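The values are calculated or read from the model by the stated rules, or taken from the named source; none is laboratory data. Note that the coordinates shown come from a computational prediction; the quantities given were computed from them, not determined experimentally. Here the Cβ is made from the backbone with ideal geometry for all residues, glycine too, and neighbour counts use every protein chain on show. Calculation scope for accessible area: heavy atoms of the full protein, side chains included, ligands and nucleic acids excluded. Shrake-Rupley method; radii C 1.70, N 1.55, O 1.52, S 1.80 Å.
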Amino acid sequence: MSTIKDPSLAPSGLRKIEWVRSFMPSLSAIEKRFEEEKPFRGLRIAVSVHLEAKTANLGLVLAKGGAEVHLTGCNPLSTQDDVAAAVASLGVETYGVHGVTPEEYEDLLVEALSCHPHLIVDDGGDLINLLGGRRADLADCLIGGCEETTTGIHRLKAREREGLLPCAMMAVNDAKAKHYYDNKYGTGQSVWTAIMDTTNLVVAGKTVVVAGYGWCGKGVAMRAKGMGANVIVTEIDPFKALDATMNGFRVMPMDEAAKYGDIFVTVTGCKDVITPKHFAVMKDQALLTNAGHFDCEVDVASLRRMAVKETLRRDNIVGYTLPDGRTLNVIGEGRLVNLAAGNGHPAEIMDMSFSVQALSLEWLLKHRDTLEKKLYPVPDEIDDEIGRVNLAAMGLAIDTLTEEQRDYLAGWKA
């Protein structure tokens, strides 16, 4: 039985779901085939992804494919209660309430896993952490799963090295349709949409510090520059730092950048990126945000201890006033800003990422008899199929190699 805040919120959530479905052509094409073929008939799928309209659509598509879907969130602040109510009203078992405590959040994850899933979709590794740990009893039917995030892939690789993966997993985050498109353009747009909507402040002319220049950081920096910001990048990788420099951004350590930033966006997947020594030198009214999966990149707990006053300044913005009178503003509690304070990636972006998820689950099922407990890459044919569908949906076409060209590229004699 679903665990949601209020069933009466469903009409609002249904409108959100119907809206995004109009802009997710690749997933719609997959849904049509799944409905005919029922590849997941008789199987249970647990899905832990930010519980909003695009995720709801993925759950519905998997259900059309014959699955018994159990849907939950992957962040206490990103669940939208009206969407949870809506997808539950459509027959998908749903466990999600906005703003729960960490303990309640884990209880919701366990509720979703209590179906003893055959397949999982994970976002950040929370399901695998439970299935490979204290709730290994719920993994008895497990065939495999997919991981959506860079952070989650890091966790899976560590588990694989130590022989602790409970099942085969697909590295969805590493698919071309995910990291080229979702991480760069999805994060780049949704982070700034959330910051601008939440603060009602201008970006142009401000100094933006982007911590981390991976695919997500590239998108955040690119969009900030496009809106007229002066962008500083902090990095630990020399070649990513060089790449940022070649793209016209200033590069320096956070210890130095902390003095200049008006807006900070952490996108590293690591912890303790912005700490008390940085808070001590920041400008009055600086904005602190995180676009990494977990809320450990900005040390909000230390900032709270340093502050003499804590003020809710706007919805999703808390101001921390320091002893010298400066106020530093934290958006979305330091959690994933584009979902804690926004609606997440645009529908067209998640269309590609969730199409990878759906087809990867089907791939796992087809190869279940040969799977090992290791991390598998997404096959090129899945990526390419999704790319072609989205090009066609945008009214675009590309060239095709002739047989002679294929031979030329594959051989050495020419």
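Look at residue 78 and say whether it is in contact (Cβ under 8 Å) with a residue 24 or more places away in the chain, in a helix (DSSP H, G or I), over 18 Å from residue 143 (Cα atoms) and not acidic (Asp, Glu). Write out each step before concluding.
On the way: in contact (Cβ under 8 Å) with a residue 24 or more places away in the chain: yes; in a helix (DSSP H, G or I): no; over 18 Å from residue 143 (Cα atoms): yes; not acidic (Asp, Glu): yes.
In short, no.
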Provide a single number: the residues in segment 19-51 that are of a type outside the set (A, V, I, L, M, F, W, C) and open to solvent by less than 10 Å² (accessible area, probe 1.4 Å).
2
Answer yes if at least one residue in segment 124-141 is assigned to a helix (DSSP H, G or I), under 28 Å from residue 391 (Cα atoms) and touching a Phe, Trp or Tyr at 6+ places or on another chain (Cβ under 9 Å), and no otherwise.
no
Could you please let me know if residue 121 is of a type in the set (Val, Ile, Thr) and either open to solvent by 10 Å² or more (accessible area, probe 1.4 Å) or part of a helix (DSSP H, G or I) (or both)?
no
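So, restricting to helices (runs of 4 or more DSSP H) that lie completely within segment 304-414, which ones have at least 2 residues that are closer than 30 Å to residue 153 by Cβ? Even if it seems obvious, please write down each step before you answer.
Details: elements: 337-340, 347-366, 380-393, 403-410.
Correct list: 337-340, 347-366, 380-393.
Would you mind finding the one in 157, 176 that is basic (Lys, Arg) and modelled with pLDDT under 95? First the steps, then the outcome.
On the way: 157 fails: modelled with pLDDT under 95.
From the options 157, 176, the qualifying one is 176.
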Filter result for the condition that a residue is over 20 Å from residue 186 (Cβ atoms) and open to solvent by 80 Å² or more (accessible area, probe 1.4 Å), over 307, 397:
397
From 237, 284, grab the single residue that is charged (D, E, K, R), touching a Lys or Arg at 6+ places or on another chain (Cβ under 6 Å) and more than 20 Å from residue 336 (Cβ to Cβ).
284
Among the residues of segment 185-213, count how many are assigned to a helix (DSSP H, G or I), without any contact (Cβ under 8 Å) to a residue 60 or more places away in the chain and open to solvent by less than 10 Å² (accessible area, probe 1.4 Å).
2
Which listed residue is open to solvent by 20 Å² or more (accessible area, probe 1.4 Å) and modelled with pLDDT of 95 or more, from 301, 229:
301
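Please pick out the residue among 115, 146, 167 that is touching a strand residue (DSSP E or B) at 6+ places or on another chain (Cβ under 9 Å) and surrounded by fewer than 18 Cβ atoms within 10 Å (Cβ to Cβ). Lay out the reasoning, then the answer.
On the way: 146 fails: surrounded by fewer than 18 Cβ atoms within 10 Å (Cβ to Cβ); 167 fails: surrounded by fewer than 18 Cβ atoms within 10 Å (Cβ to Cβ).
Step by step, each of 115, 146, 167 is checked, and only 115 is touching a strand residue (DSSP E or B) at 6+ places or on another chain (Cβ under 9 Å) and surrounded by fewer than 18 Cβ atoms within 10 Å (Cβ to Cβ).
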Single match in 59, 42, 13, 65 (criterion: in contact with a Pro (Cβ under 8 Å, 6 or more places away or on another chain) and among the small types (Gly, Ala, Ser))
65
